[in-house]
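Worksheet: one structure, shown below.
The values are calculated or read from the model by the stated rules, or taken from the named source; none is laboratory data. If you're wondering where the values come from, they're calculated on a predicted model, not measured in any experiment. Positions of Cβ are generated from backbone atoms using ideal geometry, with glycine treated the same way; all protein chains shown enter the neighbour counts.
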Amino acid sequence: MAFRSGAIKRVLLIIAGWIAVVLAVIGIVLPLLPTTPFLLLAAFCFSKSSNRFHDWLLNHPWFGDYIQNFQSGRGITMKAKISTVFLIWLSIGASVIFFVPIVWVKVLLLIIAIGVSSYVWTRPTYKSE
């Protein structure tokens, strides 16, 4: 039985979404792994592949409000912005200084850090009531 390309894409997006959720949960307790980008990635993947998983994520007691605030344009809390950017630079900085020997990979990592940091800082800042 042959799979349609749409079915394969859906399955791959669901798998990517769940991997992102797992990494986000690990990021809650592991300080070097930022939770925010993985939650947003999971929400994107699920929005393109599974209404059930997307609804579950948006209504999750820990993650739901966080994702809904971002998706509705209200933004990201200042605490989340600071922790996300700090941890991105900490992890990429450590990688560049201690673990990556190839110069062009170091440059690529720094460009990624600048891009993600810029994106996070330019999102609206949500102030909870």
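Some points to look at:
- Among the residues listed as K81, K127, K106, the single one being of a type in the set (K, R), assigned to a helix (DSSP H, G or I), touching a residue at least 12 places away in the same chain (Cβ under 8 Å) and over 14 Å from V21 (Cα atoms): K81
- Check on S91, part of a helix (DSSP H, G or I), closer than 23 Å to Y66 by Cβ and touching a residue at least 40 places away in the same chain (Cβ under 8 Å): yes
- Residue selection: F44 satisfies the criterion of being at pLDDT 90 or above and either over 26 Å from S118 (Cβ atoms) or in contact with a Gly (Cβ under 9 Å, 6 or more places away or on another chain) (or both).
- The number of residues in region 40-59 that are within 14 Å of L12 (Cβ to Cβ) and in a helix (DSSP H, G or I) comes to 8.
- Scope region 28-43; condition buried (at least 17 other Cβ atoms within 10 Å of the Cβ) and either without any contact (Cβ under 8 Å) to a residue 24 or more places away in the chain or among the polar types (S, T, N, Q) (or both); matching residues: T35, T36, F38
- Among the criteria (1) over 13 Å from the mean Cα position of the chain (by Cα); (2) part of a helix (DSSP H, G or I); (3) of a type outside the set (A, V, I, L, M); (4) surrounded by 14 or more Cβ atoms within 10 Å (Cβ to Cβ), the one R74 does not fulfil is (2).
- Scanning region 89-121 for residues that are under 18 Å from T35 (Cα atoms) and among the polar types (S, T, N, Q), we see that the one that is surrounded by the fewest Cβ atoms within 10 Å (Cβ to Cβ) is S118.
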